[in-house]
1. Under 20 Å from a point 7 Å along the Cα-to-Cβ line of ARG132: which residues of region 73-90 have their amide N that close?
2. Give me a comma-separated list of calculated 3J(HN,Hα) values for region 93-110, in order, Karplus coefficients 6.51, -1.76, 1.60 applied at θ = phi - 60°, integers in Hz, x for any Gly or Pro.
3. Would you list PHE124, PHE107, PHE96 from the most to the least accessible area, probe 1.4 Å?
4. Pairs of alpha-carbon atoms within less than 8 angstrom and 6+ residues apart define the contacts here; what relative contact order does region 17-117 have, in percent?
5. Going by average Cβ neighbours within 10 Å, how do the peptides 151-157, 40-46 rank, with the highest at the top?
6. Ranked highest first by the average count of other Cβ atoms within 10 Å around their residues, in what order do 79-86, 129-136 fall?
7. Order THR120, THR32, THR103, most accessible first, counting only protein heavy atoms with a 1.4 angstrom probe.
8. Would you tally the net charge around ASN94, using a Cβ to Cβ cut-off of less than 15 Å, leaving ASN94 out, and scoring K and R as +1, D and E as -1?
Amino acid sequence: MRVFSYFAVILVCTLTNSTAAIAQGQLEPVITVNDQVVTRYELNQRMRLLELFRTPGDLNEVAREGLIDDRLKQQEMDRVGLRLNPGTLETAMNDFAARANMTLPQFTNVLAQNNVDVETLRDFVKVGVAWRDYVRARFGRDITVTDADVERAIHAQGARPTQIEVLLSEIIIAPPPDRQAQAAQAA
């Protein structure tokens with residue numbers, strides 16, 4: 001009986017040490033951005049999330065770059081004191097799920113089935129939405145992008161606008177009174 005107890009204690013200690021080693025490996029820093037680290041766990045979670053989103057390219061590299069960008073963005077937002085309110089984050093997460101034609105609980109269920117923690121999605125959405133709001137507040141009133149600017153950028157990149165085929169039997173053009181001649185010509 002003593003021998004059995006001895007082996008049981010050894011087995012428990014071995015399993016405990018193995019679990020701790022696995023957990024430590026997941027919490028190992030793999031990237032340092034200024035004074036903040038990105039853990040192996042965060043990197044693996046981001047790669048799983050990108051895989052679910054069917055992101056093209058080397059997922060390890062895309063995840064690394066995304067997490068570095070997120071840390072830099074978050075550091076800037078912390079510097080200026082920008083905080084995303086929880087209601088805005090919840091709305092943004094619901095909107096994100098809606099783009100996949102799901103409710104947030106359905107979407108998080110799909111994430112869970114694919115071993116992606118909801119916190120990974122929350123962090124991904126939080127930084128994106130907060131950064132968008134920061135950029136709008138910081139530069140929105142200083143920048144105006146015109147259609148000519150967009151066309152110039154398209155031509156500068158050598159990209160051709162895609163051809164759009166509209167299969168409608170009737171198109172209604174309701175121009176303002178001062179642009180009726182232009183609308184008739186376009187029609």
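The values are calculated or read from the model by the stated rules, or taken from the named source; none is laboratory data. Everything quoted here is computed from the prediction, not taken from an experiment. Note: ideal-geometry Cβ built from the backbone for every residue, glycine included; neighbour counts use all protein chains shown. To get the accessible areas, we keep the full protein, side chains included, count just its heavy atoms, and leave off ligands, DNA and RNA. Shrake-Rupley method; radii C 1.70, N 1.55, O 1.52, S 1.80 Å.
1. 73-78, 82-90
2. So the Karplus estimates, Gly and Pro as x, are 5, 5, 4, 4, 5, 5, 5, 9, 6, 9, 7, 4, x, 4, 5, 5, 5, 4 Hz.
3. PHE124, PHE96, PHE107
4. Across region 17-117, relative contact order equals 21 percent.
5. Descending mean neighbour count gives 40-46, 151-157.
6. For the peptides 79-86, 129-136, the packing ranking is 129-136, 79-86.
7. Correct descending sequence by accessible area is THR32, THR103, THR120.
8. +1
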